[in-house]
Amino acid sequence: MKDPSARRLLLVHAHPDDESINNGATMARYAASGAQVTLVTCTLGEEGEVIPPELAALTSDREDRLGPYRATELAAAMKELGVTDHRFLGGQGRFRDSGMMGVGQNEREGVFWRTPVETAAAPLVEIIRSVRPQVLVTYDPDGGYGHPDHIQAHRVATLAAGLAADPGHRQDLGEPHTIAKIYWNRVPRSVAEESFERLRAQSLTGFADGVARVDDVPGVVDDTLITTEIDGTAHAEAKAAAMRAHATQVVVDGDRFALSNHLAQPIFTTEYYELVQGAPGAPTGERERDLFAGIAG
Ligand SMILES: [Zn+2]
């Protein structure tokens, strides 16, 4: 039996780098506090662009070696965050990156987006029943910004959480387990707008060509939807280092970063969530400050 008092946090993400950008401070904070942090990444991000010119040949339209390379970046990032349990859904390379919505890769054999949700959920049910997390973090139904792999990650995580709890479902995948709380990644609009305002007043020399827009940030919503904020300021350096480890995808400069579009974005060291399943651990009208708030043990 798992120790019921030990805190176990499961995060489900689409590609290597999503976890560090969205939840790096949260993951570092819980890992440092002794919680078990488990990351499940659904694809290797094979269709990503590559920022460093000397690595340009890795892309899918050239040598198609980006996936395994990004697995090593992810491993380095997890070292920075102090997270030892990171897995690829169904094993490394089982589901392939589907590319941005509308591109030809969406229809390619074996891509995550084309995989039936039930098929992709099975290995996650097994992980949930084995790890037995009290808390699950994933994306909203739009995947935060409409990327097919992010939408599919949401669907797979949601279905797997339900099936894992169902005693009648696939007893070969382990003993049933109910996840107490499920969260979606969020950014409050006011925080995003203030941060971008500050960025626009800064010099970007040598780092980015311009500043991204608030709408480029996944999961931005009205402040009233935010139920939970996790102050990871003490882990800002670990988050920045983890993002830097994803060097094919991310350039970090102090407290800001850019993706392959070379547009500056702020690095959030307080990370925000919307509780969508389970009882809130804070009084009505107040935000939770702990993902495990209200969970017995
Ligand atoms: Zn992604």
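For the range 98-242, the direction-averaged projected area of the alpha-carbon convex hull comes to 11.6 nm². Return the whole-Å distance between the Cα centroid of the range 233-254 and the Cα centroid of the range 34-93. Each part reduced to its Cα centre gives a spacing of 15 Å. Screening the chain for DSSP H helices whose Cα atoms reach 15 Å or more along their own axis and whose mean Kyte hydropathy is at least -1.0 gives 18-32, 66-81, 117-131, 148-165. For the range 237-297, the Kirkwood radius over C-alpha pairs fed into Stokes-Einstein at 25 °C and 0.890 mPa s yields D = 173 µm² per second. Can you tell me which lysines have their Cα less than 19 Å from the Cα of Lys2? Leave out same-chain residues fewer than eight positions away. Hits, sequence-local ones excluded: Lys181. Once you divide the Cα radius of gyration of the chain by 2.2 N^0.38 Å, the number left is 0.96.
A cut-off of 5 Å between modelled amide H atoms, ignoring neighbours fewer than 5 places along the same chain, links Gln277 with Ile182. Proximity of backbone amide H atoms, modeled 1.01 Å from N, is registered between Val221 and Val187, Arg189 at under 5 Å, excluding neighbours fewer than 5 places apart on the same chain.
For the range 173-297, the normalised intensity computed at q = 0.13, 0.16 Å⁻¹ comes to -0.63, -0.86 (log10 of I(q)/I(0), Debye sum over alpha carbons, equal scatterers, no solvent).
With every protein chain kept in place and ligands, DNA and RNA left out, what is the accessible area per residue of the range 1-57? Probe 1.4 Å, answer in Å². Before the final figure, lay out each step's value.
Details: 1840 Å² over 57 residues.
On a per-residue basis, 32 Å².
Backbone amide hydrogens, once placed in the peptide plane, bring Phe257 within less than 5 Å of Gln265, Ile267, excluding anything fewer than 5 places away on its chain.
Taking a probe of 1.4 Å, how large is the accessible area per residue of the range 229-297, in Å²? Before the final figure, lay out each step's value.
Values: 3120 Å² over 69 residues.
Here the per-residue accessible area is 45 Å².
Across the options Thr26, Ala122, Ser260, the greatest Cα extent toward the positive end of the charge dipole of the chain (unit charges at beta carbon of Lys, Arg, Asp, Glu) belongs to Ala122.
Order the following by accessible area, largest value first: Leu89, Leu259, Leu275. Probe radius 1.4 Å; ligands, DNA and RNA are ignored.
Working: Leu89 0, Leu259 55, Leu275 25 Å².
My answer, sorted largest first, is Leu259, Leu275, Leu89.
For the range 38-45, backbone phi angles converted through the Karplus equation (6.51, -1.76, 1.60; θ = phi - 60°) give residue-by-residue couplings of 10, 10, 10, 10, 7, 9, 8, x Hz, Gly and Pro being listed as x. For the range 122-177, with all protein chains in place and a probe radius of 1.4 Å, 52% of the accessible heavy-atom surface sits on carbon or sulfur.
Comparing Leu44, Gly104, Thr84 along the charge dipole axis of the range 38-120, the residue lying farthest to the positive side is Thr84, per the Cβ-charge model. The residues of the range 63-211 present an accessible area of 45 Å² per residue when probed at 1.4 Å with all protein chains retained.
Put a plus charge on the Cβ of each Lys and Arg, a minus charge on the Cβ of each Asp and Glu, and nothing anywhere else: the dipole of the chain about its Cα centre is then about 720 debye. For the residues Gly48, Gly219, Gly168, a GNM of the chain with alpha-carbon springs under 10 Å puts the largest fluctuation on Gly168.
Placing +1 at every Lys and Arg Cβ and -1 at every Asp and Glu Cβ, with all other atoms neutral, what dipole size does the range 201-297 have around its Cα centre, in debye to the nearest 20? Before the final figure, lay out the partial values.
Working: 6 positive and 15 negative charges, 58 e Å.
Magnitude of the dipole: close to 280 debye.
So for the range 135-269, taking the charge dipole from beta-carbon charges (+1 Lys/Arg, -1 Asp/Glu), which of Ala153, Val214, Pro141 sits furthest toward the positive end? Projecting each Cα onto the dipole axis, the largest value belongs to Ala153.
In a reduced charge model with +1 at each Lys and Arg Cβ and -1 at each Asp and Glu Cβ, the range 181-244 shows a dipole moment near 200 debye about its Cα centre.
With N denoting the number of residues in the range 205-262, provide Rg(C-alpha) divided by 2.2 N^0.38 Å, to two decimal places.
Output field value: 1.31.
The values are calculated or read from the model by the stated rules, or taken from the named source; none is laboratory data. Not measured: the values here are computed from a predicted model. Backbone-built Cβ (ideal geometry, glycine too); neighbour counts: all protein chains shown. These area figures cover heavy atoms from the full protein model, side chains too; ligands, DNA and RNA do not enter into them. Shrake-Rupley method; radii C 1.70, N 1.55, O 1.52, S 1.80 Å.
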